[in-house]
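Here is the structure we will look at.
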Amino acid sequence: MLDNIVVWAKKLTEAGIAIIALAVVLQVIFPGTTDFMGGDVVGTITTIVGNLGAQGLVGLASIAVIYAIFTRS
């Protein structure tokens, strides 16, 4: 049961990352807001990265944890 939940969570995460990548590509090709995502995707990603960078060591630790979660097999 738990294995099925983990598999579904991984698949949903992969789908989410694919949708975000698609939104970034669409926003680069067609500048402005991306209607189906409801806002400025590139601007939001830039803000998140800027906020993590402004936090110094805490931001670096957060990035390390996020990286470890996404690269875990």
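Restricting attention to region 59-73 and to residues that are of a type in the set (S, T, Y) and part of a helix (DSSP H, G or I), the residue that is nearest to K11 (Cα to Cα) turns out to be T71.
Number of residues in region 30-58 that are at pLDDT 80 or above, more than 18 Å from I17 (Cβ to Cβ) and not in a loop (DSSP other than H, G, I, E, B) equals 7.
The values are calculated or read from the model by the stated rules, or taken from the named source; none is laboratory data. Small disclaimer: the values here were computed from a predicted structure and weren't measured. Cβ atoms come from the backbone with ideal geometry, glycine included; neighbour counts cover every protein chain shown.
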